[in-house]
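Visitor: Mind looking over this structure? Questions follow.
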Amino acid sequence: MGVSYKDLGLVNTREMFAKAMEGKYAIPAYNFNNLEQLQAIISACVESKSPVILQVSKGARDYANATMLRYMAMGAVEYAKELGCNVPIALHLDHGDTFETCKSCVDFGFSSVMIDGSHHSFEENIAVTKQVVEYAHAHDVTVEGELGILAGIEDEVVAEVSSYTDPDQVVEFVERTCVDSLAISIGTSHGAFKFKAGEPVPPLRFDILEECEKRIPGFPIVLHGASSVLQDYVTMINQYGGDLKGALGVPEEQLRKAAASSVCKINIDSDGRLVFTAKIREHLANNPDHFDPRQYLKPARADLVKMYKAKNENVLGSAGKA
């Protein structure tokens, strides 16, 4: 017997996206893998009064355990209330690779799922996406599809070469699948090493985004791989024994421009990982006698809160929209 996300206090993304489209901002979609990241996301979004999408990859779900994750999501809703603002919270599967994975997430209380069929042929992508949509919509769960492939490595998502979304395909894909939102490829990529060191970061292909907007006006568009790869934290990681030289991300001004368009969900994962790892490395290097996890996780969590708040307020425009 499945569990409805509504019983956990979660919401799907339909109303979130409608408001974001109207208000010209983007909903933050933050990936988390542990309790401290989840606490930081909720704290930051309550403090900045931002709606939020909690994202879990298939790998993160396996890591956390599906049952534990369900109660963590319920706890996040109650924690937000305790902090003083009942912000809308969705729980979203990031890069579901099969119908079975998506179905399992719907049954375990997710309010939104992504089926990533972008590595299939166009027809196969439509077929698997449509299958997920039919099951999810029967449970009032929203579905994100994907056209185009993002390069890079993050969690279990691996692609050597990116391929831009073909605007000629978006209308047919959306109409035949009945998805609620569409992830497109316009030059972002997964992971911290988005671009080659020493080369200029190529600008996002806003011409493709604008063409997609024309073809499917008023339809929610999603950007993946949109971490900025914060250089202060890359430097900190390297200063304390890491080796992330040349890690570059998407300039925040380009993300601000995207957030003011029909892009109503922006996925951010690598920045959270970098901040967390940098602060832990710094703390342990400066306090070699510390062995209590709370001693090094607390400052990491505090910096995460600052980073997520800054994203909501300065990049996504979602602050104050809860």
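The values are calculated or read from the model by the stated rules, or taken from the named source; none is laboratory data. Computed from a prediction, not measured in an experiment: that's the story for all the values here. Note that each Cβ is placed from the backbone with ideal geometry, even for glycine, and that neighbours are counted across all protein chains shown.
Visitor: Determine which member of the set TYR25, TYR30 is over 21 Å from VAL113 (Cβ atoms) and among the aromatic types (Phe, Trp, Tyr). Outline the logic, then answer.
Guide: Values: TYR30 fails: over 21 Å from VAL113 (Cβ atoms).
The match here is TYR25.
Visitor: ASN33 is checked against (1) among the polar types (S, T, N, Q); (2) crowded, with 24+ Cβ neighbours inside 10 Å; (3) under 19 Å from GLY225 (Cα atoms) and fails just one. What number does that condition carry?
Guide: (2)
Visitor: Can TYR79 be described as more than 27 Å from ALA258 (Cβ to Cβ), at pLDDT 95 or above and either not in a loop (DSSP other than H, G, I, E, B) or not aliphatic (A, V, I, L, M) (or both)? Outline the logic, then answer.
Guide: On the way: more than 27 Å from ALA258 (Cβ to Cβ): yes; at pLDDT 95 or above: yes; either not in a loop (DSSP other than H, G, I, E, B) or not aliphatic (A, V, I, L, M) (or both): yes.
So TYR79 fits the description; yes.
Visitor: Test LEU297 against the stated conditions and say whether it is part of a loop (DSSP other than H, G, I, E, B), among the aliphatic types (A, V, I, L, M) and in contact with a helix residue (DSSP H, G or I) (Cβ under 8 Å, 6 or more places away or on another chain).
Guide: Numbers: part of a loop (DSSP other than H, G, I, E, B): no; among the aliphatic types (A, V, I, L, M): yes; in contact with a helix residue (DSSP H, G or I) (Cβ under 8 Å, 6 or more places away or on another chain): yes.
So LEU297 does not fit the description; no.
Visitor: Name every residue in the stretch 18-30 that is surrounded by fewer than 24 Cβ atoms within 10 Å (Cβ to Cβ) and either among the β-branched types (Val, Ile, Thr) or in a helix (DSSP H, G or I) (or both), in order of residue number.
Guide: So in the stretch 18-30, the residues surrounded by fewer than 24 Cβ atoms within 10 Å (Cβ to Cβ) come out as 18-19, 21-24.
Residues satisfying the conditions are ALA18, LYS19, MET21, GLU22, GLY23.
Visitor: If you don't mind, another one. Only one of (1) crowded, with 18+ Cβ neighbours inside 10 Å; (2) more than 23 Å from LEU182 (Cβ to Cβ); (3) without any contact (Cβ under 8 Å) to a residue 40 or more places away in the chain is not met by GLY84, so which one is it?
Guide: Condition (1) is where GLY84 drops out.
Visitor: Is it the case, given these coordinates, that ARG215 is charged (D, E, K, R) and touching a Gly at 6+ places or on another chain (Cβ under 8 Å)? Write out each step before concluding.
Guide: Details: charged (D, E, K, R): yes; touching a Gly at 6+ places or on another chain (Cβ under 8 Å): no.
Considered against the rule, which asks whether it is charged (D, E, K, R) and touching a Gly at 6+ places or on another chain (Cβ under 8 Å), ARG215 comes out as no.
Visitor: Given the structure, is GLY241 small (Gly, Ala, Ser), loosely packed, with under 15 Cβ neighbours inside 10 Å, out of contact with any Cys (no Cβ under 6 Å at 6 or more places or on another chain) and not in a helix (DSSP H, G or I)? Talk me through it step by step, then tell me what you get.
Guide: Values: small (Gly, Ala, Ser): yes; loosely packed, with under 15 Cβ neighbours inside 10 Å: yes; out of contact with any Cys (no Cβ under 6 Å at 6 or more places or on another chain): yes; not in a helix (DSSP H, G or I): yes.
So GLY241 fits the description; yes.
Visitor: Note down all Cβ pairs under 6 Å where the first residue falls in the stretch 154-179 and is within 29 Å of ASN33 (Cα to Cα), the second is surrounded by fewer than 18 Cβ atoms within 10 Å (Cβ to Cβ) and at pLDDT 90 or above, and they're at least six residues apart or on different chains.
Guide: The qualifying pairs are ASP155/GLY59; GLU156/GLY59.
Visitor: Hey, among ASN287, ASN314, which residue is surrounded by fewer than 23 Cβ atoms within 10 Å (Cβ to Cβ) and more than 22 Å from the chain's Cα centre (by Cα)? Talk me through it step by step, then tell me what you get.
Guide: Details: ASN314 fails: more than 22 Å from the chain's Cα centre (by Cα).
From the options ASN287, ASN314, the qualifying one is ASN287.
Visitor: Here is a follow-up. I want to confirm something. Restricting to the stretch 222-255 and keeping residues that are β-branched (Val, Ile, Thr) and touching a Leu at 6+ places or on another chain (Cβ under 6 Å), which single residue is nearest to CYS178 (Cα to Cα)? Give the steps one after another, and end with the answer.
Guide: Of the stretch 222-255, the ones β-branched (Val, Ile, Thr) are 222, 229, 234-235, 237, 250.
Retained after the next criterion (residues that are touching a Leu at 6+ places or on another chain (Cβ under 6 Å)): 229, 234, 237.
Details: VAL229: 34, VAL234: 41, ILE237: 43 Å.
It comes out as VAL229.
Visitor: Looking only at residues that are part of a strand (DSSP E or B) and over 11 Å from ILE89 (Cα atoms) in the stretch 42-73, which one is modelled with the lowest pLDDT? First the steps, then the outcome.
Guide: Restricting attention to the stretch 42-73, the residues satisfying the condition of being part of a strand (DSSP E or B) are 52-57.
Among the residues that remain, those that are also over 11 Å from ILE89 (Cα atoms) are: 56-57.
Values: VAL56: 96, SER57: 93.
Among them, the one singled out is SER57.
Visitor: I would also like to ask the following. Does at least one position in the stretch 17-35 carry a residue that is among the small types (Gly, Ala, Ser), more than 18 Å from ALA300 (Cβ to Cβ) and under 14 Å from the mean Cα position of the chain (by Cα)? Reasoning before the result, please.
Guide: As a first pass, look at the stretch 17-35 and keep what is among the small types (Gly, Ala, Ser): 18, 20, 23, 26, 29.
Add one more test, that the residue is more than 18 Å from ALA300 (Cβ to Cβ), and what stays is 18, 20, 23, 26, 29.
Those still in the list that are under 14 Å from the mean Cα position of the chain (by Cα) too: 26, 29.
Yes, the conditions are met somewhere in the stretch 17-35.
To keep it simple, each residue is scored yes or no on (1) modelled with pLDDT of 90 or more; (2) of a type in the set (A, V, I, L, M, F, W, C); (3) touching a Leu at 6+ places or on another chain (Cβ under 6 Å).
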position	(1), (2), (3)
GLN131	yes, no, no
ALA136	yes, yes, no
GLU146	yes, no, no
ILE149	no, yes, no
VAL161	no, yes, no
TYR164	no, no, no
VAL171	yes, yes, no
SER189	no, no, yes
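Visitor: Further question: Give me the residue from the stretch 92-119 that is without any contact (Cβ under 8 Å) to a residue 60 or more places away in the chain and in a strand (DSSP E or B) and, out of that set, surrounded by the most Cβ atoms within 10 Å (Cβ to Cβ).
Guide: Ranking the qualifying residues of the stretch 92-119, first place goes to LEU93.
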